[in-house]
Amino acid sequence: MNDAPPRPVAEAAGNSARPPEGNLQAPTRHALDWRNPEFYDEGALQKEQARIFDICHGCRRCVSLCGAFPTLFDLVDSSSTMEVDGVAKDDYWKVVDQCYLCDVCYMTKCPYVPPHPWNVDFPHLMLRAKAQRSRDRPVPARDRLLTSTDAVGKLATIPVVVQAANRANTLPVVRKAMQSVLGIAEDAWLPPYATTRFRASVTPSLQWPVRSGPRAPGKVAIFSTCYVNYNEPGIGHDLVKLLAHAQVPYVVVASEVCCGMPKLEVGDLAGVEALKLRNMPVLAALARAGYAILTPVPSCTLMFKQEMPLLFPEDDDAPIVADAMFDPFEYFVMRERDGLLQKTFKRALGKVSYHIPCHSRVQNIGQKTREVLEWIPDTTVNTVERCAGHDGTWGVKREFFADSMKIGKPVFQRMNDFEPDYISSDCPIAGRRIEQGIVAAGGRKVRKAHPLTLLCIAYGLD
Ligand code: SF4
Ligand code: SF4
């Protein structure tokens, strides 16, 4: 029996009935129906995988984006039929494992996303597979550890523990053990933990008058993020300095837990929901009180801007929070367009190699960080818009580390070839990976600084 997936309807019906190549309407995205029992039906998933894989096989536009598409096309090309029906269903997992849910194929490449009748949502298809696996078998200890950013951060930043944890992370013998026992790649640079957490050390805001503009509210709530709170609090302090310099009153979100992106990446949707239930009421109250909510890590911004409303369409708070969420540079540009941000700089930055991470690209806000950096006199920005390969927790896993460095290689090279004074990325872990890639390729050591830090330097606030 031939269990080949049906060809897309229009193709089977002949070219005259074929839908147009791309959408003429704006793309939309359907909510993820993850509580429907069919979502977890293996046969239904494989049928949908076969349908979408077949469309991708005929299209192949995404071949250079990540490892998922080359893996799929290699499987097809080496199969007996050279079609998707020749690929063993078990091998579909090889494709799923190469997807780190960056959303770039959906948001920037695919002409067949809804409302196109072919309804291709490749990342959500991959997420469905990860969710099935996460529900049907125990989550490995390594993934539990990597996705428990809050619990691990709290433990690792306890005085004395923090020094021991940071020291251990640099010891080859410990890293070898972590690789063999936990599956965390021994060569991946891991961020050290901070001795003082961001949330415990924020300078309180002065009570400047609230000056709202038509584009952006005049007061800010900071969702600090696990990474900034536990690993690089300096980025959060730089955001605070910039808000103070612009005389924007701010608060730190009274209680926050992880945004849920790490759990989403491994398909742990129940885990995402548990975190959402704690964050969403607090953030919704701030949004309703007229705050702009800023997060200094693009993945966390994206989680609230896009993923939450798609995962929890029944939650009335989700769109309210999504509307109040800003990338910090999106916020600064809006303030500037509202005539409420001064642009008198004290220091030039010289040559900056700036990387736009995937989770910034897919926010559909344009290149706001580049725009702000280009306000600074005597500063030349080399913008690199390509995946750096780290992708949340994916790039530190033993089995993916080499692939991840390969994906990032063109970025490392283009950042370094510019002979910059600074390398920078909105995503701090991508910035760390770029630094590692440049060093690994024998490039000279260049100062790495987050764009918020660069802006502080330019304003003379460092
Ligand atoms: S979401 Fe990202 S990683 Fe996944 S298939 Fe698309 S481009 Fe590749
Ligand atoms: S996701 Fe869309 S653009 Fe990418 S290969 Fe598949 S059909 Fe083509």
- Query: Out of (1) in a loop (DSSP other than H, G, I, E, B); (2) modelled with pLDDT of 95 or more, what's the single condition that is false for Gly389?
  - Reply: (2)
- Item | Hits in region 364-403 - residues which are crowded, with 19+ Cβ neighbours inside 10 Å and of a type in the set (Phe, Trp, Tyr) | Trp394, Phe400, Phe401
- Query: Could you list, in sequence order, the residues of region 284-300 that are out of contact with any strand residue (DSSP E or B) (no Cβ under 6 Å at 6 or more places or on another chain) and touching a residue at least 40 places away in the same chain (Cβ under 8 Å)?
  - Reply: Gly290, Thr295, Pro296, Val297, Pro298, Ser299, Cys300
- Message: Just checking, does region 330-350 include any residue being within 29 Å of Leu190 (Cα to Cα) and surrounded by fewer than 16 Cβ atoms within 10 Å (Cβ to Cβ)?
- Response: yes
- Message: Condition check: at pLDDT below 95 and more than 16 Å from the chain's Cα centre (by Cα). Does Val446 satisfy that?
- Response: yes
- Determine, yes or no, whether Ser80 is more than 11 Å from ligand 2 (Cβ to nearest atom), in a loop (DSSP other than H, G, I, E, B) and hydroxyl-bearing (Ser, Thr, Tyr). yes
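Kindly establish whether Glu83 is within 12 Å of Met126 (Cα to Cα) and surrounded by 13 or more Cβ atoms within 10 Å (Cβ to Cβ).
Criteria not met by Glu83.
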- Message: Being within 10 Å of ligand 1 (Cβ to nearest atom) and at pLDDT 95 or above is the filter here; which residues of region 58-69 pass it?
- Response: Cys62, Ala68, Phe69
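For every residue, the table says whether it meets (1) away from ligand 1 (no atom under 16 Å from the Cβ); (2) surrounded by 20 or more Cβ atoms within 10 Å (Cβ to Cβ); (3) farther than 29 Å from Phe69 by Cβ.
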residue	(1), (2), (3)
Pro115	yes, no, no
Asn119	no, no, no
Ala129	no, yes, no
Asp136	yes, no, no
Ala151	yes, no, yes
Leu171	yes, no, yes
Lys176	yes, no, yes
Gly183	yes, no, no
- Test result for Val228, touching a residue at least 12 places away in the same chain (Cβ under 8 Å), closer than 26 Å to Ala318 by Cβ and open to solvent by 20 Å² or more (accessible area, probe 1.4 Å): no
- Message: Need pairs with beta-carbon distance below 7 Å; first residue farther than 14 Å from Cys258 by Cα and within region 137-161, second part of a loop (DSSP other than H, G, I, E, B); sequence gap 6+ or separate chains.
- Response: Val139/Val266; Val139/Asp268; Arg142/Gly183; Asp143/Val266; Ala156/Tyr193; Thr157/Tyr193; Thr157/Ala194; Thr157/Arg197
- Message: Would you confirm whether or not region 48-57 contains a residue that is more than 10 Å from ligand 1 (Cβ to nearest atom) and modelled with pLDDT under 95?
- Response: no
- Item | Scope region 59-70; condition more than 8 Å from ligand 2 (Cβ to nearest atom) and assigned to a helix (DSSP H, G or I); matching residues | Ala68, Pro70
- Item | Wholly within region 109-208, helices (runs of 4 or more DSSP H) carrying at least 3 residues that are touching a helix residue (DSSP H, G or I) at 6+ places or on another chain (Cβ under 7 Å) and within 16 Å of ligand 2 (Cβ to nearest atom) | 122-136
- Read through the list (1) within 16 Å of ligand 2 (Cβ to nearest atom); (2) modelled with pLDDT of 70 or more; (3) open to solvent by less than 60 Å² (accessible area, probe 1.4 Å); (4) assigned to a loop (DSSP other than H, G, I, E, B), then give the number of the only condition that Pro19 fails. (2)
- Note on the structure: Checked pairs for region 104-119, first under 20 Å from Glu385 (Cβ atoms) and without any contact (Cβ under 8 Å) to a residue 60 or more places away in the chain, second among the charged types (D, E, K, R) and near ligand 2 (Cβ under 9 Å from one of its atoms), C-beta under 6 Å and 6 or more apart or across chains, list as Lys109/Arg61
- Checked region 413-462 for anything among the aliphatic types (A, V, I, L, M), within 22 Å of Glu371 (Cβ to Cβ) and open to solvent by 20 Å² or more (accessible area, probe 1.4 Å); matches are Leu461
- Quick one: is Val228 over 27 Å from Ala430 (Cα atoms) and either assigned to a helix (DSSP H, G or I) or more than 25 Å from the chain's Cα centre (by Cα) (or both)? no
- Query: So how many residues does region 249-294 have that are farther than 30 Å from Met126 by Cα and open to solvent by 10 Å² or more (accessible area, probe 1.4 Å)?
  - Reply: 14
- Query: Does Ser79 satisfy the condition of being more than 16 Å from ligand 1 (Cβ to nearest atom), farther than 26 Å from Trp34 by Cα and touching a helix residue (DSSP H, G or I) at 6+ places or on another chain (Cβ under 9 Å)?
  - Reply: yes
- May I ask you to say which residue of Glu83, Glu11 is among the charged types (D, E, K, R) and modelled with pLDDT of 95 or more? Glu83
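Could you list, in sequence order, all residues of region 255-269 that are within 14 Å of Leu145 (Cβ to Cβ) and in a helix (DSSP H, G or I)?
Once the filter is applied, which keeps residues that are within 14 Å of Leu145 (Cβ to Cβ) and in a helix (DSSP H, G or I), region 255-269 yields Pro262, Lys263, Glu265.
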- Task: State whether one or more residues within region 356-375 are of a type in the set (S, T, N, Q), within 28 Å of Val333 (Cβ to Cβ), touching a helix residue (DSSP H, G or I) at 6+ places or on another chain (Cβ under 8 Å) and not in a helix (DSSP H, G or I).
- Result: yes
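The values are calculated or read from the model by the stated rules, or taken from the named source; none is laboratory data. None of the values given here were measured: they were computed from a predicted structure. All Cβ positions, glycine included, derive from the backbone under ideal geometry; neighbour counts span all protein chains shown. To get the accessible areas, we keep the full protein, side chains included, count just its heavy atoms, and leave off ligands, DNA and RNA. Shrake-Rupley method; radii C 1.70, N 1.55, O 1.52, S 1.80 Å.
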